[in-house]
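Written out below as structure tokens is the structure these notes cover.
The values are calculated or read from the model by the stated rules, or taken from the named source; none is laboratory data. What you see is a predicted model; the values in this text were computed from it and never measured. Cβ coordinates were reconstructed from backbone atoms using ideal geometry, including for glycine residues, and neighbour counts include every protein chain displayed.
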Amino acid sequence: MKWAKNKQGFTIVELLIVVVVIGILAAITIVAYNGITASARDAERLAEMKSIEKALELYHIDNGGYPNCNNTLHAAGDPRNGCYMDSIESSLVPKYMSQLPKDPINSGNDRYRYAVGYRKYSETCQTGDDSDNYITGMRLETESTTVCGWVSGYYTYLGGSSN
């Protein structure tokens, strides 16, 4: 039996190498895509939280205080309270915002938080002092620094007033 010298086709080894290379490229693409989408959700969260904080400041100017979680006016010396951000929706919508933004995931601990009667004293720490101040919090997917003293350190963003 004679073998043809101009035999066309690929060997099994060549095919396996191509399949492995394609698999590696696909894995790299998936990991990069997940990182990009998490960064995009974090950018959306930060922009939404800044707009909520601006609405809270406008509310404060008009009402002389920040809203309590039960949508009443908080005054210095009132007991502190904290809640999910949607608890103060009727205080801010529609006068200060057309609608209250929600976390892109918006389930479990992936929700925006608000607490009145707390003061932010550093980028990652706050204290309760029954004052006319508030804090906001949320979980950022691309950050690992946790906020001290709030929700068992689960939140990675702390915003709010620092009067």
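Residues MET85, MET138, MET97: which one is touching a helix residue (DSSP H, G or I) at 6+ places or on another chain (Cβ under 7 Å), touching a residue at least 60 places away in the same chain (Cβ under 8 Å) and within 18 Å of MET49 (Cβ to Cβ)?
Values: MET85 fails: touching a residue at least 60 places away in the same chain (Cβ under 8 Å); MET97 fails: touching a residue at least 60 places away in the same chain (Cβ under 8 Å).
The match here is MET138.
Give the residues of the stretch 72-89 that are closer than 26 Å to ASP110 by Cα and of a type outside the set (Asp, Glu), sorted by residue number. Don't jump to the end; show me each part of the working.
Restricting attention to the stretch 72-89, the residues satisfying the condition of being closer than 26 Å to ASP110 by Cα are 72, 74, 79-89.
Correct list: THR72, HIS74, PRO79, ARG80, ASN81, GLY82, CYS83, TYR84, MET85, SER87, ILE88.
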Practice problem: List every residue pair whose Cβ atoms sit under 8 Å apart, with the two residues 6 or more apart in sequence or on different chains, where the first one lies in the stretch 46-63 and is small (Gly, Ala, Ser) and the second, anywhere, is surrounded by 14 or more Cβ atoms within 10 Å (Cβ to Cβ). | Solution: SER51/MET97; SER51/PRO101; ALA55/LEU92; ALA55/TYR96; ALA55/MET97
Exercise. Within the stretch 67-84, identify whether any single residue is at pLDDT 90 or above and within 23 Å of the chain's Cα centre (by Cα), and answer yes or no.
Key: yes
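Just need a number here: residues in the stretch 100-116 that are over 18 Å from SER161 (Cα atoms), part of a loop (DSSP other than H, G, I, E, B) and touching a residue at least 12 places away in the same chain (Cβ under 8 Å). Walk me through how you get there before you give the answer.
Going through the stretch 100-116, the residues over 18 Å from SER161 (Cα atoms) turn out to be 100-111.
Still in the list and also part of a loop (DSSP other than H, G, I, E, B): 100-106, 108-109, 111.
Right, trim to touching a residue at least 12 places away in the same chain (Cβ under 8 Å) and you get 100-105, 109, 111.
The total comes to 8.
From the list THR37, THR11, THR72, which one is of a type outside the set (Asp, Glu), without any contact (Cβ under 8 Å) to a residue 24 or more places away in the chain and surrounded by fewer than 11 Cβ atoms within 10 Å (Cβ to Cβ)?
Values: THR37 fails: surrounded by fewer than 11 Cβ atoms within 10 Å (Cβ to Cβ); THR72 fails: surrounded by fewer than 11 Cβ atoms within 10 Å (Cβ to Cβ).
Going through THR37, THR11, THR72 in turn, just one is of a type outside the set (Asp, Glu), without any contact (Cβ under 8 Å) to a residue 24 or more places away in the chain and surrounded by fewer than 11 Cβ atoms within 10 Å (Cβ to Cβ): THR11.
Considering only residues that are under 14 Å from LEU56 (Cβ atoms) and surrounded by 14 or more Cβ atoms within 10 Å (Cβ to Cβ), look in the stretch 94-110 and name the one that is nearest to the chain's Cα centre (by Cα).
PRO101
What number of residues in the stretch 73-117 are of a type in the set (Val, Ile, Thr) and farther than 18 Å from ILE135 by Cβ? Break it down into steps so the answer makes sense when it comes.
First, pick out the residues of the stretch 73-117 that are of a type in the set (Val, Ile, Thr): 88, 93, 105, 116.
Those left that are additionally farther than 18 Å from ILE135 by Cβ: 93, 105.
Residues in the stretch 73-117 being of a type in the set (Val, Ile, Thr) and farther than 18 Å from ILE135 by Cβ: 2 in total.
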